[in-house]
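The block underneath contains the structure these notes are about, expressed in structure tokens.
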Amino acid sequence: MSFFAILYMLATYFLGSISSAILICWLVGLPDPRQSGSGNPGATNVLRIGGRWAALAVLIFDILKGMIPVWCGYYLGLTPFELGMVALSACLGHIFPIYFKFRGGKGVATAFGAIAPISWGIAGAMLGTWGIIFLLSGYSSLSAVIAALVTPFYVWWIRPEFTFPVALVCCLLVYRHHENIQRLWRGQEDKVWAKFKKKEDSQGE
């Protein structure tokens with residue numbers, strides 16, 4: 001791995017450490033997502049506490065901070081392995097942000113953005129897997145875990161040279177969801193729409 005690639009990875013980590021959920025909630029006067037809802041500074045939790053537009057802004061920002069560094073890395077001549085490490089650095093920044101005491105989000109949107117420049121087909125398969133599982137189960141966390149587990153197989157089939165670094169990214173996503181996996185196993189995980197229903201019921205009382 002070249003010295004330039006290592007510096008580029010560090011820069012990508014610092015970019016990934018910018019938590020859009022925290023900043024956008026602060027800008028629009030919403031509660032700190034680390035202290036509200038699920039406590040996770042990500043788009044899904046911002047959707048719960050602030051509505052669709054704030055969540056959409058967070059989602060777009062998180063996708064772009066994974067997508068832009070990898071896309072630029074292509075034009076800078078980085079090798080497939082180095083590009084994969086750049087993708088991993090973006091996710092590490094999002095999950096363990098240096099600016100926010102290393103307490104970040106789950107990394108799903110950033111991982112999707114980082115994988116998209118590798119192959120739109122892979123990104124589409126990843127998104128499709130997430131969407132199907134979510135529609136069938138209603139669990140955002142389960143959808144993310146299953147998408148992370150099968151994405152390395154999509155990569156191996158379409159762009160095998162990226163299999164190892166993408167597998168590392170996906171392992172990181174599964175690890176970050178370990179608490180959700182435990183709650184799913186115990187039957188204690190809430191469905192996303194169930195939380196909205198509870199909120200509406202409480203407002204109607």
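Only Cα pairs under 8 Å and 6+ residues apart enter the sum, and on that basis the relative contact order of the range 3-192 stands at 21 percent.
In terms of packing, defined here as the mean over residues of other Cβ atoms within 10 angstrom, the peptides 66-74, 123-131 line up highest first as 66-74, 123-131. The peptide list 105-115, 169-179, put in order of mean Cβ contacts within 10 Å with the highest first, becomes 105-115, 169-179. The Cβ shell under 13 Å around Gly84 holds other residues with a net charge of -1, Lys and Arg each +1, Asp and Glu each -1.
What does the charge add up to near Val70, with Lys and Arg as +1, Asp and Glu as -1, over the other residues with Cβ less than 13 Å from its Cβ? Taking every other residue near Val70 into account, the sum is +1.
How much of the pair distance distribution for the chain lies past 26 Å, counting alpha-carbon pairs only, in percent? Tail of the P(r) past 26 Å holds 32 percent of the pairs. Net charge dipole, the range 1-154: roughly 320 debye, given to the nearest 20, about the Cα centre with Cβ charges of +1 for Lys and Arg and -1 for Asp and Glu. Within the shell of other residues whose beta carbon sits under 13 angstrom from the beta carbon of Ala43, the net charge comes to +3, with Lys and Arg scored +1 and Asp and Glu -1. The modelled label-to-label distance for the pair Ser137/Tyr175, using points 7 Å beyond Cα in the direction of Cβ, is 2.1 nm. By the helix-only formula, in which each DSSP H run with n ≥ 4 contributes -39500 (n - 2.57) and the sum is divided by residues, the chain has a 222 nm mean residue ellipticity of -23500 deg cm²/dmol.
No lab work stands behind these numbers, since they all come straight from the coordinates. What you see is a predicted model, and the numbers here were worked out from it, not measured in a lab. Glycine also receives a Cβ, built like all others from the backbone with ideal geometry; neighbour counts cover every protein chain displayed.
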